[in-house]
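The values are calculated or read from the model by the stated rules, or taken from the named source; none is laboratory data. Computed from a predicted model, the values in this text were never measured in an experiment. With ideal geometry, Cβ positions are generated from the backbone for all residues, glycine too; neighbour counts draw on all protein chains shown. Only protein heavy atoms, including side chains, enter the accessible area calculation; ligands, DNA and RNA are left aside. Shrake-Rupley method; radii C 1.70, N 1.55, O 1.52, S 1.80 Å.
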Amino acid sequence: MPSYASQMVGSGGRIDRRTGFARGFSGVAVAVPVKAPAAGGEFASSFETGDPAPDWLNTVDTAPDGSKRASGVDGGYSTGIPGNVTDHVTDVRASSENTGGGEVKENLVDGESGTKWLTFESTGWVEFDLDKPAKIVTYALTSANDFAERDPRDWTLSGSTDGKDWKTLDTRSGESFADRFQTKSYDLAEPAEYQHFRLDITKNNGASGILQLADVQFSTGGTTAPIPEDMLSLVDRGPSGSPPPRRARASPGSGRCGTRAATRRRGGRTRTTRSST
């Protein structure tokens, strides 16, 4: 919106139809627009590359009196199997994916069984990086939407501290999924703490040159941790792997509310927050 300054003008005034301002009325103070300063050549924000990363997590804005500016929202974020820590995955790599069809590796950790990872090979591998080491005791796979022949049948799960040297954690063969969108959990014989995990699928369920999987989950087995009182903020892998911002529809008068998810990108990192609406 333009700025204005008060100015005295002379007699014989009139209204300028182009600008809408009075001109020439004796002794009358009128508002005239002040020339806007020239725009700079570069855009700047608080999220520029090279700026220090925010050092806060799970911080709720407060009012001048110190009270929290939030209500009806907590840190209950994790979904899926008990103890699920898949929301701590920061990066995913795969042998290949169906980019054109949107059936990409990030879909494996989006918490949505309706999406999937698909590769036009009978075998394939996927690697997952966590933001910090975790002692995984259970993992789970979820079958995708169509054609059971594309499901994994034989695979090996490995763990690594550096993403280079891998140790076998679990091997399965002859597995099958009776239903679509079915989640099956597998316990590790010797749980160990790792920051990187690799799922190497060595055989599918019979399809020629195609393999698919809806979700992969990792669990520490914890079920008794209390839900954080305040809203939860997480640094994750970014929009390519995060669910799109959405709002759950609520019936009028039901007393229910939806949730919103917002992702802000900062350099190569992103911060995703969820809140009630």
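Observations, loosely collected:
- Cβ separations smaller than 7 Å between residues 6+ apart or across chains give the following pairs from region 184-205 residues that are under 18 Å from Ala140 (Cβ atoms) and β-branched (Val, Ile, Thr) to residues that are open to solvent by 50 Å² or more (accessible area, probe 1.4 Å) and part of a strand (DSSP E or B): Ile201/Trp125.
- The residue of region 148-198 that is surrounded by the most Cβ atoms within 10 Å (Cβ to Cβ), among those that are over 23 Å from Val85 (Cβ atoms) and of a type in the set (S, T, N, Q), is Ser176.
Yes or no, residue by residue, for (1) closer than 22 Å to Thr171 by Cβ; (2) at pLDDT 95 or above; (3) exposed (fewer than 15 other Cβ atoms within 10 Å of the Cβ):
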site	(1), (2), (3)
Val92	yes, yes, no
Thr99	no, yes, yes
Glu106	no, yes, no
Asp110	no, no, no
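- Flag if Ser122 is open to solvent by less than 20 Å² (accessible area, probe 1.4 Å) and touching a strand residue (DSSP E or B) at 6+ places or on another chain (Cβ under 7 Å): no
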